[in-house]
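Worksheet: one structure, shown below.
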Amino acid sequence: QVWDASGCSHGVDLTALGKHGGVYTEGPFACLAWSHAETRLLYVAERGRPPPPGPEEEEDEVGVAVPCCAERATHPVSVPQGEQFVFHEDWGEALSTRSVPVLCVLDLAGSSVSVLEGVPEHVSPGQALWSPGDSGVVFVGWWHEPFRLGLSACSNRRSGIFHLDLASGRCELLSAQNRASFSPRLSPNGQRLLYLEGAVGGPHRQCLQLRMLTWQTRQTVTVLDVVQEPTGAFAGIYAAALPPRCWAADSRRALLGTPQRSRTVRRGTGTRTLLSPGSPEGCWELLTIQWDLLVATCSAPHRPPSLVVAELPPSGQELSLRWVLLEDTPPVPGVTWKTLTIRQSPAPHRPLLGAGTQSFEALLLSPTGSTVPHPLVVCPHGGPHAVFDARWRPGMAALCRLGFAVLLVNYRGSLGFGQASIESLLSRVGEQDVADTQLAVEQALRSEPLDPRRVALLAGSHGAFIALHLLARYPERYQACALRNPVSNLPALLGTSDIPDWRYTSLGLPYSFQRVPSTEDVVTMLQRSPIAQAPQVRAPVLLCVGARDRRVSPTQALELYRVLRAGRVPTRLLWYPEGSHALAGVETEADVFGNCARWLLQHL
């Protein structure tokens, strides 16, 4: 539907037109872009093909499965004989219905849809926008040969910025070869194109470059470069994408939000001006900018998001910007928080792991109004290249209201601390991340009013991998553990995960599409796997498992469950038939949180 000031002006049944499959409404490929004249809409959809045979389908006279009556109008072509069960690759976790995206244009005048031709066969298109004058389309193309690797939370996949000229059908690559380039944003005057760029392979998330292309000359410059080790206020760009609207009206300035250590802040480009200086809140998110009016949210671990606006001052006067509160959300009573800096202090007999004497951070949420030492819940994040920034997380605030202190650990390898910190974890997973988390726990127990006899672990994915190592190595420290989709057996993930490359990269082993595991590879992976140390675990373990997880196979938790039960460890497994890696959805999230909270209350 298209709406204007008088109401709904157009309604088009895309399904009935039968030009393509489902429209991509979210995820890395999705877009919905007006032409400058507002007569055409550009979007991405799945390439049309007949549906696979299902229980409601019939067979025709020659035994070929065809859709049932309700679907024949949208899929008029029957499946050719022998083609019913051909496997179609998808893009992995959270993208299981995304296989072959196509660029589509809806012409409002005739309510007609066309699928654009000319996109190179070796790439999958997405994130499209109109080029200046509506003469062409700029899009991101992800290489999908020889096969697709999982794309969710992986900014290291080879991709490029392309321009498709609609008149000639010529398609050109605008960005560099063999790089990961994405998130293109055209300036209001149509003269400049901003985009993010990083390396192919290596860490699955990384510090990125901000690149700018001058449209007429096709010359590209680096606006903001990768920051190896932060020495000042700016720690680099780690955003998954630029805001959909990020340009100022003068087409000379742009705004973005990115983690900076344990905070997420807004910055202007060029002079790298911090637009949320001195703010007591921990996380700012830019929603949009239009006519130099900024709309953002700000939140903190004890405060849900509030809506704020500001007018962007003239160039050079950005520090005079003043935020106006539109919708204030009061802080949650009974919760306080602080940032802890964790410093390495190696013993003479044990050299430091990782990047020298580099420090890292942890966020500590604590209940207020009590003089009794609090039980502590330790949370290393997943990823591992992710970050616990100081935003509102209702589950963590709820644990505080239940009487727990919560420690969110940004071990070395987290986003927001420089590219050197990220790369320091490669080849050291299961060592550096585990040691850092334990160091943060011991420092917090020494310096804060916490009860060292009541400490538990709560984590998911790679965070659960860290937690399992801690349970086995420090059985006297932890009294309980609740895990979501845990990584426990690294070599078993080679054939079951949508990102098999990460199994090699994380251990410092080179990866290529042709690589098959050697005996030495499997041994190295198994030696770093928590399952090898599971007999040392003594604390009760709760496992929350998504049956549809494509990133960490649910068989990881099932194997762990059996090993723990055989060792007489109190173990409970919750199986969510529709759950994916994130265990998202209101009903699932509520059940997971309720069970984890009860488990912690029971055992602490």
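Go through region 536-561 residue by residue and tally those that are assigned to a strand (DSSP E or B) and not β-branched (Val, Ile, Thr). Lay out the reasoning, then the answer.
Our first condition is that a residue be assigned to a strand (DSSP E or B); within region 536-561, this holds for 541-546.
Now restrict to residues that are not β-branched (Val, Ile, Thr): 542-544, 546.
So the answer is 4.
Given the criteria farther than 26 Å from Tyr511 by Cβ, in contact (Cβ under 8 Å) with a residue 40 or more places away in the chain and in the same structural domain as Gln358 (by the TED database), does Leu399 qualify?
On the way: farther than 26 Å from Tyr511 by Cβ: yes; in contact (Cβ under 8 Å) with a residue 40 or more places away in the chain: yes; in the same structural domain as Gln358 (by the TED database): yes.
Against the criterion (farther than 26 Å from Tyr511 by Cβ, in contact (Cβ under 8 Å) with a residue 40 or more places away in the chain and in the same structural domain as Gln358 (by the TED database)), Leu399 qualifies.
Could you say which residue among Ser424, Ser366, Ser461, Ser414 is more than 24 Å from the chain's Cα centre (by Cα), under 30 Å from Gly257 (Cα atoms) and at pLDDT 95 or above?
Details: Ser424 fails: more than 24 Å from the chain's Cα centre (by Cα); Ser461 fails: more than 24 Å from the chain's Cα centre (by Cα); Ser414 fails: more than 24 Å from the chain's Cα centre (by Cα).
None of the others qualify; the one that does is Ser366.
Mind listing just one residue for me: the one in region 213-236 that is exposed (fewer than 14 other Cβ atoms within 10 Å of the Cβ) and modelled with pLDDT under 95 and, of those, nearest to Ser359 (Cα to Cα)?
Thr231
Is it the case that region 424-431 has a residue that's acidic (Asp, Glu), farther than 22 Å from Pro375 by Cβ and in contact (Cβ under 8 Å) with a residue 24 or more places away in the chain? Before the answer, list the steps.
Taking region 424-431 first, the residues acidic (Asp, Glu) are 431.
Then keep just the ones that are farther than 22 Å from Pro375 by Cβ; that gives 431.
Remaining after also requiring in contact (Cβ under 8 Å) with a residue 24 or more places away in the chain: 431.
Checking region 424-431: at least one residue is acidic (Asp, Glu), farther than 22 Å from Pro375 by Cβ and in contact (Cβ under 8 Å) with a residue 24 or more places away in the chain.
Quick check on my filter: what residues within region 132-151 are surrounded by 19 or more Cβ atoms within 10 Å (Cβ to Cβ) and in a loop (DSSP other than H, G, I, E, B)?
Taking region 132-151 as the starting set, the residues that turn out to be surrounded by 19 or more Cβ atoms within 10 Å (Cβ to Cβ) are 136-142, 144, 148-151.
Scanning region 132-151 gives His144, Arg148, Leu149, Gly150, Leu151.
Taking interchain pairs and intrachain pairs at least six residues apart, which have beta carbon atoms under 7 angstrom, with the first residue in region 318-339 and under 26 Å from Val295 (Cβ atoms) and assigned to a helix (DSSP H, G or I) and the second open to solvent by less than 60 Å² (accessible area, probe 1.4 Å) and of a type in the set (Gly, Ala, Ser)?
Glu318/Gly268
Please tell me if Thr555 is in contact with a Phe, Trp or Tyr (Cβ under 6 Å, 6 or more places away or on another chain) and either modelled with pLDDT of 95 or more or under 27 Å from Ala435 (Cα atoms) (or both). It would help to see each step written out before you state the result.
On the way: in contact with a Phe, Trp or Tyr (Cβ under 6 Å, 6 or more places away or on another chain): no; either modelled with pLDDT of 95 or more or under 27 Å from Ala435 (Cα atoms) (or both): yes.
In short, no.
Would you say Gln438 is open to solvent by less than 30 Å² (accessible area, probe 1.4 Å) and at pLDDT 95 or above?
Details: open to solvent by less than 30 Å² (accessible area, probe 1.4 Å): yes; at pLDDT 95 or above: yes.
Against the criterion (open to solvent by less than 30 Å² (accessible area, probe 1.4 Å) and at pLDDT 95 or above), Gln438 qualifies.
Quick one: would you say Gly198 is at pLDDT 95 or above, on the phi > 0 side of the Ramachandran plot and either in contact with a Leu (Cβ under 8 Å, 6 or more places away or on another chain) or among the aliphatic types (A, V, I, L, M) (or both)?
On the way: at pLDDT 95 or above: yes; on the phi > 0 side of the Ramachandran plot: no; either in contact with a Leu (Cβ under 8 Å, 6 or more places away or on another chain) or among the aliphatic types (A, V, I, L, M) (or both): yes.
No: the conditions fail for Gly198.
The rows are residues; the columns are (1) assigned by the TED database to the domain that holds Thr97; (2) within 20 Å of Gln479 (Cα to Cα); (3) crowded, with 19+ Cβ neighbours inside 10 Å.
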| position | (1), (2), (3) |
| --- | --- |
| Ala534 | no, yes, yes |
| Ala547 | no, no, no |
| Ser553 | no, no, yes |
| Ser580 | no, no, yes |
| Val592 | no, yes, yes |
| Trp599 | no, yes, yes |
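Name the residue, out of Glu285, Glu281, that is charged (D, E, K, R), open to solvent by 40 Å² or more (accessible area, probe 1.4 Å) and either within 27 Å of Ser175 (Cα to Cα) or modelled with pLDDT under 95 (or both). Full working, then the answer.
Numbers: Glu281 fails: open to solvent by 40 Å² or more (accessible area, probe 1.4 Å).
After applying the criteria, what remains is Glu285.
Could you please find all residues in region 356-399 being open to solvent by 10 Å² or more (accessible area, probe 1.4 Å) and of a type in the set (Val, Ile, Thr)?
Correct list: Thr357, Thr368, Thr371, Val372, Val387.
When only residues in region 470-497 that are among the charged types (D, E, K, R) and not in a helix (DSSP H, G or I) count, which is least open to solvent (accessible area, probe 1.4 Å)?
Here is the first cut: in region 470-497, the ones among the charged types (D, E, K, R) are 473, 476-477, 484.
If we keep only those that are not in a helix (DSSP H, G or I) as well, we get 476-477, 484.
Numbers: Glu476: 129, Arg477: 48, Arg484: 80 Å².
Filtering first and then ranking leaves Arg477.
Residue by residue through region 550-569, note down the ones that are of a type in the set (A, V, I, L, M) and touching a Pro at 6+ places or on another chain (Cβ under 8 Å).
Of the residues in region 550-569, the ones of a type in the set (A, V, I, L, M) are 552, 557-558, 560, 563-564, 566, 569.
Matches in region 550-569: Val552, Ala557, Leu560, Val563, Val569.
What pairs come out if I take residues in region 512-534 that are small (Gly, Ala, Ser) and pair them with residues that are modelled with pLDDT of 95 or more and assigned to a loop (DSSP other than H, G, I, E, B) whose C-beta lies under 6 Å away, six or more apart or interchain?
Ser529/Asn489; Ser529/Leu490
List the number of the failed condition for Leu166; all other conditions in (1) open to solvent by less than 50 Å² (accessible area, probe 1.4 Å); (2) touching a helix residue (DSSP H, G or I) at 6+ places or on another chain (Cβ under 9 Å) hold.
Single failed check for Leu166: (1).
The values are calculated or read from the model by the stated rules, or taken from the named source; none is laboratory data. Treat the numbers as computed from the prediction; the structure is a model and nothing was measured. We place every Cβ from the backbone using ideal geometry, glycine too, and count neighbours over all the protein chains shown. Calculation scope for accessible area: heavy atoms of the full protein, side chains included, ligands and nucleic acids excluded. Shrake-Rupley method; radii C 1.70, N 1.55, O 1.52, S 1.80 Å.
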